[in-house]
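J.: Got a structure for you, written out below as structure tokens; questions coming shortly.
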């Protein structure tokens, strides 16, 4: 009876050792996976920070370009208004000259 109990305890011990070995192996695999995931997370975080910086630079560049476009539009509108004023002035002057010529012709 003692022998069978001893064999039974040896089997339980072997089963426990086997289970512990599997658990240790699984824990090691999970640790490696966790380390890999942490490394990927750090890389992703680094890439995200880089992307944020790039986006900020692009937004600044876009803001500058919008300002330049607004300034160019204001200059264009100013030039257009000046040219219209000159055109209207020339048309009025030609109208006066035509009226004057018509009066002289009528005499």
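J.: Per DSSP H run of at least 4 residues, take -39500 (n - 2.57); add these up for the chain, divide by its residues and hand me the 222 nm value, nearest 500 deg cm²/dmol.
T.: Numbers: 1 runs with 105 residues, N = 107.
Value at 222 nm, helices only: -38000 deg cm²/dmol.
J.: Name the residue, out of 62, 37, 83, whose mean-square fluctuation peaks in a Gaussian network model built on the chain with Cα pairs under 10 Å.
T.: Among 62, 37, 83, the largest GNM mean-square fluctuation belongs to 83.
J.: Return P(r) of the range 24-81 (all Cα-Cα pairs; 5 Å bins starting at 0; whole %; ordered from short to long distances).
T.: For the range 24-81, the binned pair fractions read 4, 15, 10, 11, 8, 9, 7, 6, 7, 5, 5, 4, 3, 3, 2, 1, 0 percent.
J.: Moving to a separate point now. Do me a favour and compute the ellipsoid semi-axes for the range 48-92 from its Cα gyration tensor, root of five times each eigenvalue, largest one first, whole Å. Display every interim value, and only then the final one.
T.: Values: eigenvalues 367, 4, 3 Å².
Working from the Cα gyration tensor, I get semi-axes of 43, 4, 4 Å.
J.: Using only Cα atoms, find the angle between the long axis of helix 2-106 and the longest principal axis of the chain, and express it within 0 to 90 degrees, rounded to the nearest 10.
T.: The angle comes out near 0 degrees.
J.: Here's a follow-up. Under a GNM of the chain (C-alpha, springs under 10 Å), which listed residue has the highest mean-square fluctuation: 60, 71, 16?
T.: Per the Cα network of the chain with a 10 Å cutoff, 16 tops the list.
J.: Roughly how many whole Å is it from the C-alpha centroid of the range 58-96 to that of the range 10-45?
T.: First find each Cα centre; the distance between them is then 72 Å.
Each value in this text was obtained by applying a stated rule to the coordinates, not by laboratory testing. All figures in this text were calculated on a predicted structure; none of them were measured in a lab.
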